[in-house]
Structures are given as C-alpha cells and as structure tokens.
Amino acid sequence: MSGRFRVGAALAGVVVLTAGGLAAANWATADTRTKTTQKTAQKTAQKGSQKQTEDPLVAETLESQLGSDSGVVGSYYDDSGKLIVAVSDAATAELVRQIGAIPRLVRFTARQLNAVQSELNKVAMASSAGKVRSWYIDPVTGTVVVSVPKGAHDSITNRFLSRAVANGERVTIRQVTGTIRLTADDFSLRGGVQVDKNTGYVCSLGFNARTRKGNRIFLTAGHCTAGKPSFSRNGYVLGNTYTSSFPGNDFGSVGVIEGWDQQGYVEGWGAGNIAVKGLADATVGSTLCKSGKSTGWTCGRIVARNVTVNYGNNRIVRGLFQHTACVEAGDSGGANMTGNYAQGITSGAALINGQCLEKSGQTNESYSQPIAEVLQSTESRLILAN
C-alpha cells in the first residue's frame with residue numbers, strides 16, 4: 001500500500017478506553033436574550049415536545065439560551081422521551097414554561113452543587129478518593145451523586161465519603177458493583193477500529209480529524225497516547241502521537257501519514273458504516289452508541305455528565321459522561337455517537353471478571369470523554385461524511 005510501512009505481526013497487549021472533558025459552552029444570560037432568541041428556543045422546545053424523540057441538539061440549545069446565570073441545574077430525557085429541565089427557582093421554571101419546555105424544581109442551585117463537586121475534586125487530587133468510583137451533578141435528583149462499591153470500608157475511602165456526606169442533602173451516596181478500570185486488552189480508518197501501539201498494547205480509533213494547520217490526525221484516549229507511542233494498523237504504520245492528556249483529561253491525538261484514507265464514518269460492526277455529520281453535547285437520557293474493537297457496536301443511554309472518575313493510583317479524570325452501553329477491554333479510544341452526531345471517546349468502565357456489568361445481570365457503567373474539549377484542545381475539526 002502506498003505510503004504505508006510494514007512493522008511486522010500484529011502486536012499483543014492491553015487496550016484502554018479514553019474520554020475527555022466538556023468544552024465551555026457559549027452561554028447567553030437569560031436577561032439578554034432577544035425576542036428572536038426566545039422564539040428560537042420556543043420552536044426548539046416545541047420540536048422536542050411534539051416529536052417525543054431525542055434530538056441531541058435540543059437540550060444543548062435550550063440550556064445555552066437560558067444562560068449559565070439562570071437557575072438551570074441540568075436537563076434530561078425522561079422514560080417517555082420528554083425533555084425535562086431541572087431548575088432551582090420558580091422564576092426560571094416560569095421561563096422554561098414560556099419557551100415550551102417542562103421544568104422540574106430541585107432544591108439546590110447549580111452554583112451550590114458545582115461547589116460540592118469542586119471540593120471533592122480537590123480532595124481526590126490532594127489525598128486520593130480511595131475506592132470511591134465517581135461523582136457528578138445529577139439533574140434527576142438535583143444532588144451530587146457519589147458512587148462507591150459495596151463493601152468498601154477502608155480508611156481512605158471512608159475519609160473521602162466523610163467529606164462528601166458533610167455536605168448533607170446536597171449529596172446522594174450510591175452503592176455500585178464491579179471494579180472500574182481503564183479498559184485495556186491483551187490482543188494484538190474509520191472510528192471504532194483497532195489501532196496498535198508499538199509498546200505492545202492496542203486501542204480503538206475515535207474519530208478522524210484535521211488540525212487548523214491542515215495536519216492529518218485521529219483522536220483516541222489519552223491513556224492510549226500516554227508516553228507518546230507510535231501506532232499501526234494491520235501491521236502498517238499509522239503515525240506518531242501528536243498530543244496527549246491523561247490524567248485530568250483522557251484524550252490524545254495521533255498524526256496520520258500519507259497513504260491512509262481517513263473517512264468521516266464510524267465502524268458499525270454489522271450495522272453498516274455510521275456517517276459522522278457533526279457533534280453534540282451529552283444530554284442525560286439521550287441514546288448513546290459506541291464503536292470499539294472488543295465489543296463492537298453497543299448502545300445504551302447517557303445517565304450523567306461532567307462526572308469525575310477515580311481510576312486509582314491518583315489517576316483522576318474530570319468532565320466525563322457516564323452511559324450504559326457495554327464497554328470492555330480493547331474499546332479504549334473508540335467513537336461514541338448519538339445518531340449521526342459525535343458525542344465522545346471511550347475512556348473506561350466498571351467490569352466484573354473483565355466483562356461489562358450487563359453480563360452479570362446489572363446495568364452497565366461506562367465512561368466517555370466529551371468530544372468538544374478534545375477538538376478545542378487539539379485545535380482540530382472532525383472529518384465529516386461526504
């Protein structure tokens with residue numbers, strides 16, 4: 001193949017999943033919204049209400065137009081597909097009604113809950129979170145949900161939990177099962193296909209992209225690019241690590257040499273190639289499908305966003321979103337999609353005996369890096385389907 005170089009037999013090793021943080025949204029304050037903006041928001045809300053289906057851009061548009069200084073805590077789709085906006089005061093609830101969405105009053109403000117999560121982030125970075133798995137602001141309960149494995153009673157875990165419960169009813173403690181880990185694999189250009197590291201490990205490709213300078217890159221997990229390895233596929237050189245960010249974030253990019261046909265598609269593993277037409281912000285309740293080398297094309301729903309995850313050994317990653325699609329070792333770095341919109345890059349998951357939780361009769365717990373921060377950090381744009 002022109003421009004590709006043979007590097008020998010497929011490399012064996014461990015593959016990890018990666019995810020990155022949310023890029024800051026371009027918020028507009030509620031009191032500066034024009035009549036045109038209000039009409040746009042109302043049409044957007046009515047569209048979601050009438051269709052009763054999930055449009056990944058609807059919630060993002062509504063939250064943006066309501067503004068970060070409003071009483072909005074978050075939004076989510078309920079079981080019937082209705083978009084619910086969690087708010088902390090009656091005035092914002094009325095504003096939500098005026099634009100045609102459904103408000104739900106919660107007790108605490110976004111500022112109060114962000115302060116709790118920020119405090120726990122600092123505790124984890126400074127002195128470890130022990131066996132505590134994750135923590136995030138949950139618009140459904142209107143609290144910061146802290147997940148901890150059943151039976152975790154060591155002193156470090158208890159110390160972190162004590163700091164969490166000191167915040168009273170602003171925190172909900174949730175007991176979970178399985179062991180969370182970066183999903184690495186001992187085996188061995190569309191999104192979701194296997195890529196091999198020269199260190200003997202393998203990962204999955206997320207999305208193809210171009211930098212502002214025109215450099216050809218693909219996006220994957222930061223723990224995949226840690227140490228700046230080179231990558232290959234099917235024994236042929238792909239390129240060298242371009243950027244890497246882990247822990248804190250979990251995303252990286254790899255330069256792609258000439259000769260590879262970078263496509264704006266994600267491998268559907270029997271479902272056909274999935275065209276990438278744009279990107280969207282994660283919304284709780286949205287359908288989410290992921291593509292990866294080990295488990296192929298699996299789907300679930302987004303259950304939380306802006307989640308802080310503790311991968312152990314002081315490897316804390318902030319700003320991930322949590323979903324229920326099956327993810328296992330080897331899927332690290334793979335593409336996450338809602339319909340034809342890119343959502344993120346696979347980071348990690350809770351596993352029992354190396355398998356996703358659904359295989360033990362439980363709900364999957366998987367984590368991904370939102371795509372927006374990755375593109376912002378690498379100063380790149382996705383390659384879209386023709």
Q | Part-to-part distance (alpha-carbon centres) for the stretch 196-221 and the stretch 268-339, which is given in Å | A | 17
Q | Positive dipole terminus of the stretch 174-286, leading residue within ASN215, GLY192, ILE257 (C-beta point charges) | A | ASN215
Q: Would you mind counting up the charge near HIS223? Only other residues with Cβ under 12 Å from its Cβ, with Lys and Arg at +1 and Asp and Glu at -1.
A: +2
Q: Taking amide H positions as placed in the peptide plane 1.01 Å from N, state which residues far from ALA304 in sequence (5 or more) or on other chains have amide H under 5 Å from it.
A: GLN322
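Neighbouring Cβ atoms within 10 Å as the yardstick, rank SER80, SER286, SER244 fewest first. Don't skip to the answer; put the middle values down first.
Details: SER80 6, SER286 26, SER244 22.
Final ranking by Cβ density, sparse to dense: SER80, SER244, SER286.
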Q) What residues qualify as long-range amide H neighbours of VAL73, i.e. H under 5 Å apart, gap of 5 or more or another chain, H built at 1.01 Å from N? A) ALA86, VAL87, SER88
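Read-outs: derived from the displayed coordinates by stated rules, not from any lab. If you're wondering where the values come from, they're calculated on a predicted model, not measured in any experiment. Glycine gets a Cβ as well: all are built from the backbone with ideal geometry, and neighbour counts include every protein chain shown.
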